[in-house]
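Student: There's a structure below that I have some questions on.
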Amino acid sequence: MTPPDLSTEDGRAAYRRELRRVGWRWRWSGLGLIVLAAIWVALARDGAQAWAEQGVIVAYGLLAAGWVMVISSIAMRTRHHRRRMAELDGVAR
């Protein structure tokens, strides 16, 4: 992989697009789980359903899994950025 070209506006835009693509499936899947769990908790709070007690426990598990996925994708993106900037420092020396 070649180091990112941050000296031009086009190079910076290309690097932003590259960073946006890192971990996007994990990030969007995690956000989807968070939204699904929030809806599930809101529906189960009414208690009208027979599955309300177990449903809340499952929903909180989904909520936790969603946040783990989002935080993991942020960590992946940060690690990728550090690696790419290290490549840039290696070229500048």
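Where a number appears in this text, it was derived from the coordinates with a stated rule and is not lab data. Note that the structure is a prediction, hence the values are computed from the model and not measured. Cβ coordinates were reconstructed from backbone atoms using ideal geometry, including for glycine residues, and neighbour counts include every protein chain displayed.
Student: Could you work out the local net charge near Arg27, counting Lys and Arg as +1, Asp and Glu as -1, over the other residues with Cβ closer than 12 Å to its Cβ? Present the calculation step by step, with values, prior to reporting the outcome.
Tutor: Details: positive: Arg20, Arg21, Arg25, Arg77; negative: none.
Charge balance near Arg27 sits at +4.
Student: Angle check, please: helix 52-92 long axis (alpha carbons) against the longest principal axis of the chain (alpha carbons), in degrees 0 to 90, nearest 10.
Tutor: So the inclination is approximately 0 degrees.
Student: Among (1) 15, 43, 24, 12, 5, 1; (2) 16, 31, 21, 16, 11, 5, 1; (3) 15, 35, 27, 16, 5, 1, find the value of P(r) over Cα pairs in 10 Å bins from 0, in percent that was calculated from the structure presented, and write down its label.
Tutor: (2)
Student: Another one. Helix 9-21 against the longest principal axis of the chain: what's the angle in degrees, Cα atoms only, rounded to the nearest 10?
Tutor: Approximately 30 degrees, to the nearest 10.
Student: Tilt of helix 24-45 relative to the longest C-alpha principal axis of the chain, in degrees (0 to 90, nearest 10)?
Tutor: 20 degrees
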